[in-house]
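Here is the structure we will look at, set down as structure tokens.
The values are calculated or read from the model by the stated rules, or taken from the named source; none is laboratory data. Treat the numbers as computed from the prediction; the structure is a model and nothing was measured. Cβ sites come from the backbone with ideal geometry, for glycine too, and all protein chains shown count toward neighbours. With ligands, DNA and RNA removed, areas are computed over all heavy atoms of the protein, side chains included. Shrake-Rupley method; radii C 1.70, N 1.55, O 1.52, S 1.80 Å.
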Amino acid sequence: MPTDSLLPHIMRSDAAEPAFVELDAAGCVMDLNDRARQNWRWQIGARPPEDILWTLSTLTGETSRDDETITLPIVQDGLHVTVMPKAGGEGWFLFGEGDAHVGAPAPEVTPSVDAANPETANIEIATIPVPEAAAELRELATSCFDAHIFRDGAAELFARHAKAEMVAIYERTHPGSMFFVRAALTATESTAETESTAAAPDLPHRATTGQLEALPAHAEARLRLIALQDRYGVRAQLLFIWSSPGPASDPEQIVRIEQWAGLYQDLHAWIRAGNVHAHAADVIDDALFGYQLGEDGERQYAFVTRQMENLTGRSRDMLLLGQFGWMQRVVHADDAALVRAHHANLAAGNESRVTYRVVLPDDGFRWLQEFASPRIGGDSETVMYGILSDVTERREAELMMQHARQEAEVVASARTSFVATMSHEIRTPLGALNGYAQLLARECEEFEETTGQPLPEQIHEFIDGIGERSQKVLVLVQDLFDLSQLEMGQVRLQQNRVNVAPILQRVADRLEPILEDRDIRLVLELDASRYDVLGDARRIEQVLENLASNASKFTEKGRIHMKAEVRGTWVAVSIEDTGIGISPSYLDQVFQAYTQEDPYMNRRFEGTGLGLALSKRLLDLMGGRIEVESRQGEGSRFTVFLPCPDADSPSRIARSA
């Protein structure tokens, strides 16, 4: 049972309030409210009647869920008993409901007293009302949330109502340790003597359990020692000293002070638990809350921690009293739909998380993240418990990153569009220049044939240089144009059934004349006449042309090996060379656009850093892939994988980037 829910049970004693008892796995009372104490006269550390314990033992292991309630065939003092198992089988929760009169007679339950003391071990409990002392003790607990002040006030209250010469409260930190006097009051004293102040002359400042139990035997029956026991053993001892032996032997007096002691123990434990809870809540920046949803969709807060004031700018009292609408005045209008969807998810019994803005009193706003889960309370109403966190800085950082990303995308799109436009504009004059160079070469050949006079060798060199250089620039511009079109998603491919063998043959035929004057041997290995794949024939040829060109460009001697083979559902086309190779540190970047391993080396071999990036993107679009293996100084092998078509694959499928 949550500690913050004990207060209503402690303060209320009307007939409508159900009796509540928490039992541990051994069947001992761990916690109970005032209704259970007065109706059933159970105390912490005691055990319920045997019929209840026997019934609970028969139910062990039969419940399917921890939150499943079972009505027992037992009426305990006019109250119908319902039980619910605790999580993990660590005990039970008991609820008693009915119209039985509070304080009605009940069977005797062994009180939590010192069994070693024969004067207190066999006391017959009688129903003796103690409204004045109990009411004052409850009022003291609810007005003072300091356990030390409550303890001193309780000692003064006990001394006054019991008309004792002195009341002392001994406590210890753990079982087996010494008891220390924490408060010592006489009926005539107005303030408490704490451990730093001297107590009565005959009162020990510290003592063992045996020393405290021996005190009554040496005081001519003027003393009464009451042990307060929790699940870990005896935690505190209350010592009452009278000036005469009469009160100490009065059964009604003994019952009365034992009831006070039991109430004191519960209230003191509640205050200490509340302090722990409050401290834990204070040291975090997040707010804890619990609310119910009204029929109008508004929240009705049952509790909130003080951090809610910092997060929303509204006082806790305003939130708890519902003096304004959470949805109407706190949640930002643009996020109201998100919060309503969050409410609907909770109402359906699901945990939910949502991030939204709240409007502050100064018209500013703050980003909050709420995580909540629904729980069914004792009145069968659903309460949403959760935590609220300030995520303003994180959200603003996310928005800044999103804005920066959008700006970068706009810039990149503008750059790509510019490159595409410029590439298109440059291609036209370059194509004309290349055409004029070819036309001029033919005119020179015709002139020499017609006149029979050879032209100077420099003229042929100039014409060949113009054609060769313009062709290289034209290929570069075409690669730039294709890459920019891919980045803008404007490349459209045809997925056809294509035979790779003739494409690879054409690439080899174009490469062979280039390698004739160099110390490089070209090997083409085709084991079959058909290697059908699914892809765009023109783009496949463009990819293989790029790879063959790179192999030729970066190989000075040795061989270039071109091979096609079927590997499962793929056709693998590999182009292997004995060139300069690629360093291991650059292999991960080899397919990135506009990157080069060594700018000086690429100037030497006339590399641009576009061919491999373009090839990879085209293969990705066709459903293929490319792999590279390389050892620097020994050579490289690039392998292109293209998917084989299924038997029922259509002959043509359009695919766009």
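Quick check on my filter: what residues within the range 484-493 are of a type in the set (A, V, I, L, M), open to solvent by 20 Å² or more (accessible area, probe 1.4 Å) and in a strand (DSSP E or B)? It would help to see each step written out before you state the result.
If we filter the range 484-493 for residues that are of a type in the set (A, V, I, L, M), which is where we start, we get 486, 488, 491, 493.
Adding the requirement that they be open to solvent by 20 Å² or more (accessible area, probe 1.4 Å) leaves 486, 488.
Listed by number, the list is empty, since nothing qualifies.
Of all residues in the range 513-524, which are surrounded by 14 or more Cβ atoms within 10 Å (Cβ to Cβ) and either in contact with a Pro (Cβ under 6 Å, 6 or more places away or on another chain) or within 23 Å of E468 (Cα to Cα) (or both)? So that I can check it myself, show each step before the final result.
First, pick out the residues of the range 513-524 that are surrounded by 14 or more Cβ atoms within 10 Å (Cβ to Cβ): 514-515, 520, 522, 524.
Within the range 513-524, I514, L515, I520, L522 meet the criteria.
Just to check your reading of the model, which residue among T416, T428 is at pLDDT below 80, more than 25 Å from L619 (Cβ to Cβ) and either small (G, A, S) or under 60 Å from the mean Cα position of the chain (by Cα) (or both)?
Numbers: T416 fails: more than 25 Å from L619 (Cβ to Cβ).
Just one listed residue meets the conditions, T428.
Which residues, counting only those in the range 163-181, are touching a residue at least 12 places away in the same chain (Cβ under 8 Å), surrounded by fewer than 21 Cβ atoms within 10 Å (Cβ to Cβ) and under 27 Å from R222 (Cα atoms)?
Residues of the range 163-181 touching a residue at least 12 places away in the same chain (Cβ under 8 Å): 163-172, 174-175, 178-181.
Narrowing the set further to residues that are surrounded by fewer than 21 Cβ atoms within 10 Å (Cβ to Cβ) leaves 163, 165, 171-172, 174-175, 178, 180.
Correct list: K163, E165, E171, R172, M178, F180.
Out of A508, A537, A501, report the one residue that is of a type in the set (G, A, S), at pLDDT 80 or above and open to solvent by 30 Å² or more (accessible area, probe 1.4 Å).
Values: A508 fails: open to solvent by 30 Å² or more (accessible area, probe 1.4 Å); A501 fails: open to solvent by 30 Å² or more (accessible area, probe 1.4 Å).
Selected residue: A537, the only one of A508, A537, A501 that is of a type in the set (G, A, S), at pLDDT 80 or above and open to solvent by 30 Å² or more (accessible area, probe 1.4 Å).
Could you grab me the full set of residues in the range 430-483 that are charged (D, E, K, R), open to solvent by 40 Å² or more (accessible area, probe 1.4 Å) and under 30 Å from R539 (Cα atoms)? Let's see the steps before the verdict.
At the first step, the residues of the range 430-483 found to be charged (D, E, K, R) are 442-443, 445-446, 448-449, 457, 461, 464, 468-469, 472, 479, 482.
In the following step, the residues that additionally are open to solvent by 40 Å² or more (accessible area, probe 1.4 Å) were identified as 442-443, 445-446, 448-449, 457, 461, 464, 468-469, 472.
Passing the criteria: D464, E468, R469, K472.
Any residue that is at pLDDT 75 or above and among the charged types (D, E, K, R) - is there at least one of those in the range 57-64?
In the first step, residues of the range 57-64 are kept if they are at pLDDT 75 or above; the result is 57.
Imposing the further condition that a residue be among the charged types (D, E, K, R) reduces the set to none.
So far as the range 57-64 goes, no, none of its residues is at pLDDT 75 or above and among the charged types (D, E, K, R).
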